[in-house]
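Okay, so here's the structure we're looking at.
The values are calculated or read from the model by the stated rules, or taken from the named source; none is laboratory data. Predicted model only: the values in this text are computed from it and were never measured. So basically every Cβ, Gly included, is an ideal-geometry build from the backbone, and we count neighbours across all protein chains shown.
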């Protein structure tokens, strides 16, 4: 009986370890160290699950989150100058920059280190595989874009094979 219990316990522990490894995201690994201001305010629809997953992604990268569920995210986008063509499901503000959509945490850290004269970063729409939009092996290539007040848009970073 004791042998069966030990085997069962060992089997369950191995199963748990395997399942927790399967849940790890490619985005969990910290690539860029950042020690500056990390308070970020995230505005999102209260029922949005992917927004909550993106917040968890930021927490894994040691950001301090002020989570503000709202039914009027559109007004936040307008207030912070996010053009409709660059919009996604949630908007965040950190250190004066707007972060729109599923931008990887390391890109936000890079923005805060470089401090370019831009409004912020965006991942328009909701590409599969971005932080918070993980869908197993389904991954769309995507660009993180930076945009300024004059309407200039350029690539900040690019993800093809990640």
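Of the residues that make up the stretch 136-145, is at least one touching a helix residue (DSSP H, G or I) at 6+ places or on another chain (Cβ under 6 Å) and under 21 Å from residue 31 (Cβ atoms)? Step through it out loud before you land on a result.
The initial filter retains those residues of the stretch 136-145 that are touching a helix residue (DSSP H, G or I) at 6+ places or on another chain (Cβ under 6 Å), namely 144.
From the residues that got through so far, the ones that are under 21 Å from residue 31 (Cβ atoms) too are 144.
Yes: the stretch 136-145 contains one or more residues that are touching a helix residue (DSSP H, G or I) at 6+ places or on another chain (Cβ under 6 Å) and under 21 Å from residue 31 (Cβ atoms).
Among the residues of the stretch 23-51, what is the count of those that are surrounded by 13 or more Cβ atoms within 10 Å (Cβ to Cβ), out of contact with any helix residue (DSSP H, G or I) (no Cβ under 8 Å at 6 or more places or on another chain) and modelled with pLDDT of 95 or more?
Of all residues in the stretch 23-51, those surrounded by 13 or more Cβ atoms within 10 Å (Cβ to Cβ) come to 25, 27-28, 30, 32, 34, 38, 40-45, 48, 50-51.
If we keep only those that are out of contact with any helix residue (DSSP H, G or I) (no Cβ under 8 Å at 6 or more places or on another chain) as well, we get 38, 41, 48, 50-51.
Filter again for modelled with pLDDT of 95 or more, leaving 41.
The number of residues fulfilling the criteria is 1.
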Item checked: Search result, residues across the stretch 133-144 that are surrounded by 11 or more Cβ atoms within 10 Å (Cβ to Cβ) and farther than 21 Å from residue 33 by Cα -> 133, 134, 139, 140, 141, 142, 143
Check: Applying the selection to the stretch 89-99, what residues are part of a loop (DSSP other than H, G, I, E, B) and at pLDDT 95 or above?
Finding: 90, 95, 96
Notebook entry, point to check: Which members of the stretch 119-162 meet the condition of being more than 14 Å from the chain's Cα centre (by Cα), in a loop (DSSP other than H, G, I, E, B) and within 19 Å of residue 77 (Cα to Cα)?
Noted result: 119, 148, 149, 150, 151, 152
Next item on the list: Just name the residue that is surrounded by the fewest Cβ atoms within 10 Å (Cβ to Cβ) out of those in the stretch 62-72 that are at pLDDT 95 or above and under 23 Å from residue 129 (Cβ atoms).
Entry: 65
Next item on the list: Evaluate the stretch 100-118: report whether one residue or more is at pLDDT below 95 and closer than 19 Å to residue 59 by Cβ.
Entry: no
